[in-house]
Each structure stands twice: as structure tokens, then as C-alpha cells.
1. Can you confirm whether segment 241-255 contains a residue that is closer than 24 Å to residue 181 by Cα, at pLDDT 95 or above, within 14 Å of the ligand (Cβ to nearest atom) and in contact with a strand residue (DSSP E or B) (Cβ under 9 Å, 6 or more places away or on another chain)?
2. I'd like the full set of residues that are buried (at least 22 other Cβ atoms within 10 Å of the Cβ) and farther than 10 Å from residue 84 by Cβ, limited to segment 4-25.
3. Would you mind telling me which numbered condition in (1) more than 14 Å from the ligand (Cβ to nearest atom); (2) surrounded by 18 or more Cβ atoms within 10 Å (Cβ to Cβ); (3) of a type in the set (Val, Ile, Thr) residue 327 fails?
4. Quick check on segment 184-220: of everything there that is within 16 Å of the ligand (Cβ to nearest atom) and in a helix (DSSP H, G or I), which residue is nearest to residue 333 (Cα to Cα)?
5. Based on this model, can you work out whether residue 381 counts as assigned to a helix (DSSP H, G or I) and either surrounded by fewer than 22 Cβ atoms within 10 Å (Cβ to Cβ) or modelled with pLDDT under 95 (or both)?
6. How many residues does segment 269-281 contain that are assigned to a loop (DSSP other than H, G, I, E, B) and within 10 Å of the ligand (Cβ to nearest atom)?
7. Enumerate the strands (runs of 3 or more DSSP E) found wholly within segment 37-142, keeping only those where 3 or more residues are modelled with pLDDT of 95 or more and either hydrophobic (A, V, I, L, M, F, W, C) or at positive phi (or both).
8. Restricting attention to segment 282-321, report how many residues are under 23 Å from residue 375 (Cβ atoms) and not in a helix (DSSP H, G or I).
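The values are calculated or read from the model by the stated rules, or taken from the named source; none is laboratory data. Treat the numbers as computed from the prediction; the structure is a model and nothing was measured. Glycine gets a Cβ as well: all are built from the backbone with ideal geometry, and neighbour counts include every protein chain shown.
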Amino acid sequence: MPSQHVLVLNCGSSSLKFAIIDANQGDEILSGLAERLGDESPLLKYKYNGTKQQLSLPAGSAHQVAILQLVTLIEQLSLTNQLVAVGHRVVHGGETFTRSVLVDEGVIAAIQATSTLAPLHNPANLIGIEVASKAFSDLPQIAVFDTAFHQTMPKTAYLYAAPYRLYREHGVRRYGFHGTSHYYVSEQGRQILGLTKENSRIICAHLGNGCSVTAVLNGQSVDTSMGMTPLEGLVMGTRSGDIDPGLIIFLSQQLGYSMAEVDTLLNKHSGLLGISELSNDCRSIEEAAANGDAQAQLALDIFCYRLAKYIASLVVPLGGLDALIFTGGIGENSDLIRANVLKQLQFLGLDCDSEKNTAARFGQAGVISSDTAKTVALVIPTNEEWVIATDAARLAQEV
Ligand code: AMP
């Protein structure tokens, strides 16, 4: 099969992740990250042919400059002519986008309209689309949405018990995120286990800096832990996940917090960092706990307890469970967290084979439950870039 190279762009609020992926083989031709955008000393780091390089960008450079530098780099490496499309990760597609789409003016206007729901992310994604459209004017631009996979959730799962008019007039509802990752690992898991699409009940735990769990029934998302924003649900690196909404009232009325301060507290100072008072990084917390740090141990215990509780609750919409999949930086690498969670979920027929669990690290996919477990536990490395590349290559062919 001939190669089909796709440039995948993921514009965060102050960073740009990029990769050139061969959509047919899944090979990564080029990958990298421009970080500290808008700061004194932004950097563009990349890996090509197994070699890592780094370029300094002028002080204060934002996404535009980083993308233009990337365009120059792609030209210098003689990779431009092989590109068939540019795929953009877009965080929020609201209710408008249920699948990936070819970008046109209507799509740009709809992404703009959804920016109120993701004010930090969608504007950055739009800059990526605008600059790439100019730089690669003869290539189709494709938008792939983090929320799209969850658009199959029923109203019972996605509505809050708040006045209905908030949903009708302002789109207040649960949307869910990490959709590309949940889609990819649930499909991979289904294929590894030989389950048919019509008869599969899978829960995916995407555990990275952001964490979410999703119930996938017969190939479709039916519920997920993140909500209108990526703050709801599990304990994360710096995000609180679920709290009593009354806490916000308390912080405001009793402690005099402004809304901006509440935002920072719950999004940046909570989660593993908030409890451990040490770090948001799971690896550092595991090391500290192993050295007897009680606060770090407490952070891990709360992380695992909330995760186990959420997984168990998602068995309700599935009516049973065939497989539990771990993915993301923590899910793929932390045998400790996987073992802890599986121990708490033995009543679901799950168990943990410690040898297989320890072996499943560093990009290795595989089953980590015993041969006799009623419900299978697996580790599957996620590959959102590949999903974006394959969607983009497929839609580019339809142009
Ligand atoms: P991600 O956002 O998917 O890149 O995941 C980042 C998280 O994965 C951080 O909390 C890391 O500490 C965690 N992580 C990466 N490797 C390991 C490891 N070997 N053990 C525990 N956590 C890890």
C-alpha cells in the first residue's frame, strides 16, 4: 500500500504538538513539540530519523510563529510533497460534530461558536487551522474532535439535574473528552479479544495528566466521567474531579475566593498535587510513597478509590462487563495503580496477574488478568495521532 503522510497538529493553550504519520502503516515520520509559546524562550523540539533536535524560537513567539517554523522544517526535510492532508485535534465540537469533518468556512464558524465551552482550547485550535490552511493551501484540512465519540451518550447520561433551560439555551450538558483515545483503545481491545461490535461491553480508563473513564457498549460511548468541561470525574494530576458544588459556594462566600481563584484552585492546585502537597506527577508520588511519605500514599489511595468507584458505576449502563482497558501515561506504565484498582474490583470478575502486570509497560499492549478471570483486564497504549491521521487521510480521499 503506498504511504499517505498526514501532518497532525494539536494546538494547546501554550504549546503545539505535531507529528507526520503514515496513515497506512502507522509509522511516525516526524514528531515534536513547540512549548512555552508566548514566553521569554519558546522552544521547538523534534525527532526525525531517530535523532532529537531543538530550535529556539524568538521571545514571545505564539502559535503562528511555531507553525511557520514547522512549515520551514518540513520543507527542509523534503517532506512537504508527500503530505496528503493536515489533521487538527479540536477539543470541543459541542453537539454539532459527531464525527471528523473536512474544514470549510461553516466548520470554522461552528468551532468558533463552541469556544464559549472551551475558551482556552478552541481558539488555539482555530489558530492552528487558520495558519496551516494558508501554509498548506493545496492540502485538505480535517478537524477531529475530542468530544465527537461521546455524542452517542443518551440524555439520561449527559444531562445535569439543573434547570432544563440551561441546556436548551446555553448547551449546558455533559460532553466528555479524550474521545479519540477511548475510541482507539476500545476498538483495539475488541479486536484483541475477538468480540463482535454488536456484543461488547468495555470500560476504558484513560489515565494521564487528565483522567477519564468511558463505558463503550457495542462500539458506542454510553457514558463517561468528564462533563461539560474536563474538570468533572476522576482525581487527576492537578484537577479535583468531582466535588460537592457547595464547595464553590463555601470558597466564595466564606473564604472570599474570586471565581478566577476558584478556577485556579480546582484546575491547577488540586488532584494528586493538592492532596500530596508534593507533585502532580504520578511517578514522583509513587516514589515518595515508597519512601514512606504518608501524604503521597494518601493521594494514591484516593486516586485509586475514586477510579475503582467510577469504573464500577459504569457497569450500570453496560449491564455487565467484558473488558477493562488501561491507557494513558499512568494507565500504560503504573503497574502499582492497575493492581490497586483491580484488587478493589474483584467482585466484577477482574483479577491481576502480577507477572503480566509488571511486564506490561513502555508501549506494550497485553492482557494483565489471569487466564481464569471472568472479566479481562488489558493495557493498550493509546495512539490518538494515528486516529487523526487515518480520519484525515480517509476524508482527504473524498475531496
Ligand atoms: P500523559 O498525560 O498521558 O503523558 O501521562 C502523564 C502521567 O503519566 C504523569 O503523571 C506521569 O507521572 C505518569 N507516568 C509516566 N510513566 C509512569 C510510570 N512509569 N509510573 C507511573 N506513572 C507514570
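1. Looking for residues that are closer than 24 Å to residue 181 by Cα, at pLDDT 95 or above, within 14 Å of the ligand (Cβ to nearest atom) and in contact with a strand residue (DSSP E or B) (Cβ under 9 Å, 6 or more places away or on another chain), one finds none in segment 241-255, hence no.
2. 8, 9, 10, 11, 16, 18, 19, 20, 21
3. With respect to (1) more than 14 Å from the ligand (Cβ to nearest atom); (2) surrounded by 18 or more Cβ atoms within 10 Å (Cβ to Cβ); (3) of a type in the set (Val, Ile, Thr), residue 327 is out only on (1).
4. So the residue we want is 185.
5. For residue 381, the condition - assigned to a helix (DSSP H, G or I) and either surrounded by fewer than 22 Cβ atoms within 10 Å (Cβ to Cβ) or modelled with pLDDT under 95 (or both) - is not met.
6. Summing the residues that are assigned to a loop (DSSP other than H, G, I, E, B) and within 10 Å of the ligand (Cβ to nearest atom) in segment 269-281 gives 3.
7. 83-90
8. So the answer is 3.
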